[in-house]
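For reference, the structure discussed in these notes is given below.
The values are calculated or read from the model by the stated rules, or taken from the named source; none is laboratory data. What you are looking at is a predicted structure, and each value in this text was computed from that prediction instead of being measured. Note: ideal-geometry Cβ built from the backbone for every residue, glycine included; neighbour counts use all protein chains shown.
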Amino acid sequence: MTQNPTLYCSTCRTTKPPLFARRAYRCVMCGKTRNLTDYRVELDQLRAMTASRPVMKVVPSTPAPLAPTTTCAWDTCENEPRSNSKYCSRNCSNRNARARHAVRKAS
Ligand SMILES: [Zn+2]
Ligand SMILES: [Zn+2]
């Protein structure tokens, strides 16, 4: 896991914390100043931005191997179905039939 860097300035996107002087925050990189309230809002926006749009986005150079497009018709089963069936096994077929029977009984 790569952690997103914490950004402190929406103008220059520096990761260096600003200086606090004369009741204002001054960016050490671009010199932008804002008061406490404005700065809190700015930090919130920056945080939301880095959270929703990770900086270290991993772009795979090769496509991931394709998962089997069809899985067993039984809900929780991820196995590949057998060529002559919707299910991977007799077991799943039975479980599905039993579940459907229970639903029909309940309604
Ligand atoms: Zn700045
Ligand atoms: Zn199955």
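One residue stands out in the stretch 2-24 among those that are part of a strand (DSSP E or B) and touching a strand residue (DSSP E or B) at 6+ places or on another chain (Cβ under 6 Å): the one that is farthest from residue 35 (Cα to Cα), namely 19. Considering the stretch 7-25 alone, what residues qualify as being more than 8 Å from ligand 1 (Cβ to nearest atom) and loosely packed, with under 14 Cβ neighbours inside 10 Å? Passing the criteria: 15, 16, 17, 19, 20, 21, 22, 23.
Per the conditions (1) among the hydrophobic types (A, V, I, L, M, F, W, C); (2) more than 17 Å from the chain's Cα centre (by Cα); (3) at pLDDT below 90, the sole criterion not satisfied by residue 74 is (3).
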